[in-house]
Amino acid sequence: MTGFDVAEVWDLDLREVSGICERPAGQGRDRQLLAVGDQTHEILVGELRVGGPGRFERRDLAPLLAGAGLRVPDSSQWEGIDTDSTGRVFVLREVPGTVLVFDEALETLLHVFPLTVEDDPAEVEAWEADENALGEGLLLLRNGNLFVVKEDKPRQLLEFGVPGARAEGLRDDLPIAHASEFPTPREPRVTFRLLTAWDLGGEAMDRIGDLSDVTVGPDGRIYVLSDESRCIARLQAALDPDDHLVEVDRIWRLPDRLVQPEGLIITRDWELLVATDHDEPRENLFLLRGLDA
């Protein structure tokens, strides 16, 4: 079903936007929109306010990566972004699968969390099948685990944790949704291991062609974005770590005007911000109203 109104359209000065998130007001800052693209090592930071995003600052983080001894390829492969109550910024890199943690001011690289699926031979095969169909969206969980959506081949929801961590699945009290602090390990570099995975089942398997981003709604529910199917879907209310199929209970089609949607925010007022992937930074951030959740 669809019924969205395109209320506003803006130009984000960023090529091939691949992920967006909201950073709430706090510690002297206003609400902010953060955006990454998969071509450059830049993050755009701008106020998120009535009437649209304000002026954006561009932060090139390549020098921080190089200073930490990390390889800085021409293409960043940055696909997802999330924050916690401290204002820290967590960026998901698709290849190689990694979560990079920056301080609030984006002046220091605090942590590097490589992601590995080596404990599950079937998952290793899936990850090696197509490096362009891996991690696309990131959620931080209060228990210290990471929730990642895998784009395709197969479309999956993945839970990662530090060595010794247990899979807990998802409940409405687990996503941080920026309201608490993610319990990062003390060490600056820790490998997060795959704990469990869910494939799409039921109606979702037929109607959702890929997974492009993930976010939390004001209701605490998890919503995923599909680029290929140009839709938003709400996951079942809870994911049991021992079940390996996930279903959705609502699907909303996006307006035809939105081509290649890659980033999703649902604001506290039930407005949608959807970022689209274009070679040129034009008409790539849409404000939608009408999510009848």
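The values are calculated or read from the model by the stated rules, or taken from the named source; none is laboratory data. If you're wondering where the values come from, they're calculated on a predicted model, not measured in any experiment. Cβ atoms come from the backbone with ideal geometry, glycine included; neighbour counts cover every protein chain shown. Keep in mind that these areas ignore ligands, DNA and RNA; they rest on the heavy atoms of the full protein, side chains included. Shrake-Rupley method; radii C 1.70, N 1.55, O 1.52, S 1.80 Å.
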Peptides ranked, highest mean first, by Cβ atoms within 10 Å: ranges 105-116, 90-101
90-101, 105-116
Reduced to Cα centres, the span from the stretch 67-87 to the stretch 187-210 in Å works out to 20 Å
Calculate what fraction, in whole %, of the accessible area of the chain sits on carbon and sulfur atoms when a 1.4 Å probe is rolled over the protein chains.
44 percent
Heavy atoms only, 1.4 Å probe, whole protein assembly: order 31, 268 by accessible area, highest first.
268, 31
Calculate, in whole percent, how much of the Cα-Cα pair population of the stretch 237-293 lies beyond 17 Å.
51 percent
So what is the relative contact order for the stretch 108-152, in percent, with contacts set as C-alpha pairs under 8 Å and at least six apart?
26 percent
If you look at just the Cα atoms of the stretch 1-156, how large are its Rg and its Dmax in Å?
16.3, 49
Can you tell me the Rg and Dmax of the stretch 32-95, counting just the alpha carbons, in angstroms?
12.7, 41
Is there a quick way to get the dipole size of the stretch 72-146? I mean about its Cα centre, with the Cβ of Lys and Arg at +1 and of Asp and Glu at -1; what is the value in debye to the nearest 20?
400 debye
Amide H contacts under 5 Å for residue 40, restricted to residues at least 5 apart in sequence or on another chain and with H modeled in the peptide plane, are 76
Through the Karplus equation 6.51 cos²θ - 1.76 cosθ + 1.60, θ set to phi - 60°, convert the phi angles of the stretch 6-23 into ³J(HN,Hα) values in whole Hz; use x for Gly and Pro.
7, 7, 8, 9, 10, 9, 8, 7, 8, 6, 6, 4, 10, x, 9, 8, 9, 10
Whole-Hz ³J(HN,Hα) from phi, Karplus 6.51 cos²θ - 1.76 cosθ + 1.60, for the stretch 230-236, glycine and proline x:
6, 8, 10, 10, 9, 6, 3
Karplus-derived 3J(HN,Hα) from phi for the stretch 160-168 (6.51 cos²θ - 1.76 cosθ + 1.60, θ = phi - 60°), whole Hz, x at Gly and Pro, runs 10, x, 5, x, x, 6, 10, 5, 10
Extension gain from residue 189 to residue 29, taking 0.36 nm per residue of separation minus the Cα-Cα distance
54.8 nm
Convert 4 °C to kelvin, take the viscosity as 1.567 mPa s, use the Kirkwood radius over C-alpha pairs of the stretch 72-217 as Rh, and evaluate the Stokes-Einstein diffusion coefficient in µm²/s, rounded to a whole number.
84 µm²/s
If you place +1 on the Cβ of every Lys and Arg, -1 on the Cβ of every Asp and Glu, and leave all else neutral, what size is the dipole of the chain about its Cα centre, to the nearest 20 Debye?
900 debye
Relative to the compact globular guide of 2.2 N^0.38 Å, what is the alpha carbon radius of gyration of the stretch 156-293, as a ratio?
1.12
Options [x] 17.8; [y] 15.7; [z] 13.8 are given for mean projected area of the Cα convex hull in nm², and the computed one is [z]
So what's the stretch 143-225 giving for Cα Rg divided by 2.2 N^0.38 Å, two decimals?
1.17
Pairs of alpha-carbon atoms within less than 8 angstrom and 6+ residues apart define the contacts here; what relative contact order does the chain have, in percent?
20 percent
Tell me, what is the percent relative contact order of the stretch 65-210, built from C-alpha pairs under 8 Å that lie six or more residues apart?
23 percent
The rounded separation in angstrom of the Cα centers of the stretch 172-186 and the stretch 225-253 is 22 Å
Please name which of 286, 252, 270 has its Cα lying farthest along the dipole of the stretch 247-293 towards the positive end, using unit charges on Cβ (Lys, Arg +1; Asp, Glu -1) and the Cα centre as origin.
270
Quick check for you: with a 1.4 Å probe and neighbouring chains kept, what is the accessible area per residue of the chain, in Å²?
41 Å²
Between residue 33 and residues 5 or more places away or on another chain, the pairs with built amide H atoms under 5 Å apart involve 23, 46, 47, 48
